[in-house]
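The values are calculated or read from the model by the stated rules, or taken from the named source; none is laboratory data. On a predicted model such as this, the values are computed, not experimentally measured, just so you know. Cβ placement follows ideal geometry from the backbone for every residue including glycine, while neighbour counts extend to all protein chains displayed.
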Amino acid sequence: MVTELVRGGVGVADTRHANDRREQRRRRARYRYRDGKLAYWLILPAMVLLGIFVVWPAIYAFYLSFQDWSFYKDPVFVGMKNYTDVLRDPLFIESIGRGFIFVLLTVPPMLVLAFMFSSLVVSVSRRFAGLLKVSIYVPTIISTVITSIIFVLIYDYSGGLLNWFLGLFGIDPTAWIGDPAWALVAIAVPAIWLGMGLTSLIMVAAMVDIPPEYYEAASMEGANWWQKTFYITLPQMKNVLLYLVVTGFVAAIQQFELPLIMTNGGPLNSTTLPNLFIFIHFRNDINVGFSIAAAMLLFVVLGSVSALVFRFVNSERLVD
């Protein structure tokens, strides 16, 4: 009799616990649904703006790339003609190759310089680090147009600051933006200067986020700065460096303002990068479909290279 009562009490308790768990699951599901619904409402304005100003224009541009169209006549379907015309234009192929050269001239030096500067920032006192971060970020807020004008004056053949400085050492003046051999390099310098600020601050944030215990343990083992950098800092910054490589590649190959203002694509098209090539045809050609097709092909190049970078570089999240 006692055993039956005990079993009955246990059964009632189990039933009560099961009911409580079901009620808790129902509450969690209800709250989860409410939170999810609120999240959708919060992102709705951004999605609407994204659809209006990004998705729809991209779809319409893709449609117009198959049309013989201008601002003065209705579009006429021509199939792949615009794409074949772009691919047969040697200047477009050269601009893509020149864009990759410009990436090599800007992205690796910018990453190296930004890493060295970031290492300096995290190794000094907080007050001095704040001064350094402000100083490196100043070029980021300067207009690209103003930067272009400043560097044109610096590169001037007869009265430029650079040739004057080199003249102090007996070096003859050089037409930095008038010589096809130097023009692209001359444009790469202000591009690095403009991009270093944000890149450095991102690296500083990544370095500060690395647990100091790693460095303390390495110091106890007698590791020097180079060993700490290659075995701790760089592996821990893997994802940040991947992000900076991809965004730096996209920004460099799409550089537009610097070659437009400083050289207008010259001399001898030596600084005509892909976006400037597209802009020149958009401004001068009657058939706008040609320029749109070139833009679509550039989009394919950017997407393909970015996908290859993510494919061949291990970008898995680090585990603490």
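Can you pull out every residue in the stretch 152-205 that is among the charged types (D, E, K, R) and either buried (at least 18 other Cβ atoms within 10 Å of the Cβ) or in contact with a Lys or Arg (Cβ under 9 Å, 6 or more places away or on another chain) (or both)?
Kept after step one, since they are among the charged types (D, E, K, R), are these residues of the stretch 152-205: 156, 172, 179.
Answer for the stretch 152-205, where residues must be among the charged types (D, E, K, R) and either buried (at least 18 other Cβ atoms within 10 Å of the Cβ) or in contact with a Lys or Arg (Cβ under 9 Å, 6 or more places away or on another chain) (or both): just ASP156.
The set of residues from the stretch 252-268 being under 27 Å from ASP156 (Cβ atoms) and surrounded by fewer than 20 Cβ atoms within 10 Å (Cβ to Cβ) comprises PHE256, GLU257, ILE261, ASN264, GLY266, PRO267, LEU268.
Do we have any residue at all in the stretch 236-247 that's under 30 Å from ILE154 (Cβ atoms), crowded, with 19+ Cβ neighbours inside 10 Å and in contact (Cβ under 8 Å) with a residue 12 or more places away in the chain?
If we filter the stretch 236-247 for residues that are under 30 Å from ILE154 (Cβ atoms), which is where we start, we get 244-245, 247.
Okay, now just the ones that are also crowded, with 19+ Cβ neighbours inside 10 Å, so 244.
Checking the rest, the ones that are also in contact (Cβ under 8 Å) with a residue 12 or more places away in the chain come to 244.
Within the stretch 236-247, one or more residues are under 30 Å from ILE154 (Cβ atoms), crowded, with 19+ Cβ neighbours inside 10 Å and in contact (Cβ under 8 Å) with a residue 12 or more places away in the chain.
Of the residues that sit in the stretch 95-134 and are of a type in the set (D, E, K, R) and surrounded by fewer than 15 Cβ atoms within 10 Å (Cβ to Cβ), which one is farthest from VAL208 (Cα to Cα)?
So in the stretch 95-134, the residues of a type in the set (D, E, K, R) come out as 98, 126-127, 133.
Among the residues that remain, those that are also surrounded by fewer than 15 Cβ atoms within 10 Å (Cβ to Cβ) are: 126-127.
Details: ARG126: 12, ARG127: 15 Å.
So, considering only residues that are of a type in the set (D, E, K, R) and surrounded by fewer than 15 Cβ atoms within 10 Å (Cβ to Cβ), the one farthest from VAL208 (Cα to Cα) is ARG127.
Just to check your reading of the model, which residue among ILE141, ILE232 is closer than 18 Å to GLU257 by Cβ and hydrophobic (A, V, I, L, M, F, W, C)?
Details: ILE232 fails: closer than 18 Å to GLU257 by Cβ.
Being closer than 18 Å to GLU257 by Cβ and hydrophobic (A, V, I, L, M, F, W, C) holds for just one of ILE141, ILE232, which is ILE141.
Residues in the stretch 125-175 that are under 28 Å from the mean Cα position of the chain (by Cα) and part of a loop (DSSP other than H, G, I, E, B): 2 in all.
Among the numbered conditions (1) among the acidic types (Asp, Glu); (2) part of a helix (DSSP H, G or I); (3) loosely packed, with under 14 Cβ neighbours inside 10 Å, the only one that ASP74 does not meet is (2).
Look at the stretch 209-221: where a residue is on the phi < 0 side of the Ramachandran plot and a partner is hydrophobic (A, V, I, L, M, F, W, C), sitting 6+ places away or on another chain with Cβ atoms under 6 Å, you get TYR214/ILE232. Quick check: is even one residue across the stretch 217-228 in the same structural domain as LEU273 (by TED's automatic domain parsing), crowded, with 20+ Cβ neighbours inside 10 Å and of a type outside the set (Lys, Arg)? No, the stretch 217-228 contains no residue that is in the same structural domain as LEU273 (by TED's automatic domain parsing), crowded, with 20+ Cβ neighbours inside 10 Å and of a type outside the set (Lys, Arg). All told, SER291 falls short of being at pLDDT below 85, in the same structural domain as PHE102 (by TED's automatic domain parsing) and assigned to a helix (DSSP H, G or I).
From the list THR247, THR271, THR263, THR233, exactly one residue is farther than 22 Å from GLY97 by Cβ and of a type outside the set (Asp, Glu). Which is it?
THR233
Exactly one residue among SER148, SER118 is among the small types (Gly, Ala, Ser), assigned by TED's automatic domain parsing to the domain that holds ALA293, within 19 Å of VAL185 (Cβ to Cβ) and touching a residue at least 60 places away in the same chain (Cβ under 8 Å), and that residue is SER148.
With the requirement that a residue be modelled with pLDDT of 85 or more, under 15 Å from GLY99 (Cβ atoms) and surrounded by fewer than 21 Cβ atoms within 10 Å (Cβ to Cβ), what does the stretch 296-320 give you? First the steps, then the outcome.
Taking the stretch 296-320 first, the residues modelled with pLDDT of 85 or more are 296-305.
Next, only the ones that are under 15 Å from GLY99 (Cβ atoms) stay: 297-305.
Selection gives LEU297, PHE299, VAL300, VAL301, LEU302, GLY303, SER304, VAL305.
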